[in-house]
Amino acid sequence: MEPRLPRARLPRQRRGRTRGGDGSDGRPEPAGPRPSTRSTTMVRKLIPILAGAALAMLAALPGGPARAASIEVAPVVIALAPDQRSAVVTLTNRSGEPTAAQLRAFAWRQSATQEELAPTEELLVSPPVFRLAPGASQVVRLVLRPAAAAAERSFRLLVDELPPPIPGATGVRMALRLSLPVFAPPPAAPPAALAWRLSPEGRLSVTNTGQRHERLTELRLTAADGSVIPLQAPATPYVLAGAERHWVLARAQRPGQAMRLAGRATGGSFEVTLGPAPR
C-alpha cells in the first residue's frame, strides 16, 4: 500500500462546457471528450486516452485527496486486497454552492505509447450520479464482480463534477474531471517484474512480466560520461501487469555506450545498468 501523504490542494480551474469526454489519470483534467456508450459497438471499442500534463499532476501524491474544482475526492488510488470485493470513495463539496457529480468505471489497458479505456461491468459504482449540497459528503461504493483472472485487473474511475446549468445556455457544464486508478489483484499474484532495455533508435523501454502493476517516478538516465539524458516520459507513472512502456531519449546515445538508470518504484529506490544498445 502506498503511503498516505498530506492533503493536495490544486489550483481552481476555469469551468467550461463539455463537448463529449475522455479520462486521464487519477488526477485533474480539463473538460473534454468522454468515452461514448451510445451503442454496443462503441461500448466495446477501446478508447485511447490523450496524455497531457494534467495526467501526471497527482502522480506524486498517491495517498491524499484530489479536488475537481469544488469537489474533493479521497482516496486518490484504490488498491483492493486479493480477497476484497468492495471499496468506498468519499466526495465532499468544498464550495459554498450546490453541485453534482457523476462516476463511471472503465477497464484500463496500456499499449506501448498510450492508455486505453473500455466500458466495463466488472466494477460497479453506486450511486453513479448524485447532488452535493455545500459542505456535504457522499460515500460511493465500488463493487468488484468475480472474474477468472491470472493477473491483476486494472480500472479507471472517472469522476466528473456537473455544476448547475447557466440560465439560457445549452449543453452540460463540467468543471473538471478526475481519473482514479483502481487495482484488483487475484490471490497469490506475483509482484511486478520489470525488464529494461535500450534501443538503437534512442528509446528506453520496460516490460512488466509480473502479475501486478508497478509505479515508477523520478527516473534519471545517466550516460557513461556522467551527463544526464532527459527522458520524455509517459503521462502516467504506472506500468500495468503484462504491459510495455516507452520513454524517448531527448538526445541520441553514442553507439556502444552503457548507461545507468535510477528511480523510485513501489518498493523504494532502484538502480540498474543498461548495456549498450545493439547497432
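Only bridges with both residues in the range 194-274 count here: give the DSSP antiparallel percent, nearest 5.
Of those bridges, close to 100 percent are antiparallel.
Convert each backbone phi in the range 144-155 into a coupling constant with the Karplus relation 6.51 cos²θ - 1.76 cosθ + 1.60 (shift: θ = phi - 60°), then list the ³J(HN,Hα) values in order as whole Hz, x for Gly and Pro.
Listing the rounded values in order: 8, 7, x, 7, 6, 9, 7, 10, 4, 8, 10, 9 Hz.
With +1 on each Lys and Arg Cβ and -1 on each Asp and Glu Cβ, and nothing else charged, work out how big the dipole of the range 194-274 is about its Cα centre, in Debye to the nearest 20.
Value, rounded to 20: 40 debye.
For a footprinting-style exposure proxy, rank E116, E152 by other Cβ within 10 Å, fewest first. Can you show the working numbers first?
Working: E116 16, E152 22.
Taking fewest neighbouring Cβ atoms as first place, the list is E116, E152.
Determine the gain in length on full extension of the stretch E122-D83; use 0.36 nm per residue of separation and subtract their C-alpha separation, reporting nm with one decimal. Don't jump to the answer; show the numbers that get you there.
Values: separation 39, 0.36 × 39 = 14.04 nm, distance 1.53 nm.
Extra length from E122 to D83 when fully extended: 12.5 nm.
If you build the Cα gyration tensor of the range 194-274 and take the root of 5 times each eigenvalue, what three semi-axes come out, in whole angstrom, biggest first? Mind dumping the intermediate values first?
On the way: eigenvalues 90, 35, 25 Å².
The equivalent ellipsoid of the range 194-274 has semi-axes of 21, 13, 11 Å.
By how many nm would the segment from D225 to T90 lengthen if fully extended, with 0.36 nm per residue of separation less the alpha-carbon distance? Walk me through the numbers before you get to the answer.
Values: separation 135, 0.36 × 135 = 48.60 nm, distance 4.99 nm.
Result for the pair: 43.6 nm of gain on full extension.
Lys and Arg at +1, Asp and Glu at -1: add these up for the other residues within a Cβ distance under 10 Å of L216 and post the number.
Value of the local net charge: +1.
If you take the beta carbon distance between A147 and R264 as r and set R0 to 30 Å, what does 1/(1 + (r/R0)^6) give as a FRET efficiency, to the nearest 0.05?
Values: r = 31 Å, r/R0 = 1.05.
Efficiency computed from Cβ-Cβ geometry: 0.45.
Bear in mind that the values in this text are calculations on the coordinates, not laboratory data. As the structure is a prediction and not an experimental result, all values here were calculated from the model. When we count neighbours, we look across all protein chains shown, and the Cβ atoms used for this are built from the backbone with ideal geometry, even at glycine.
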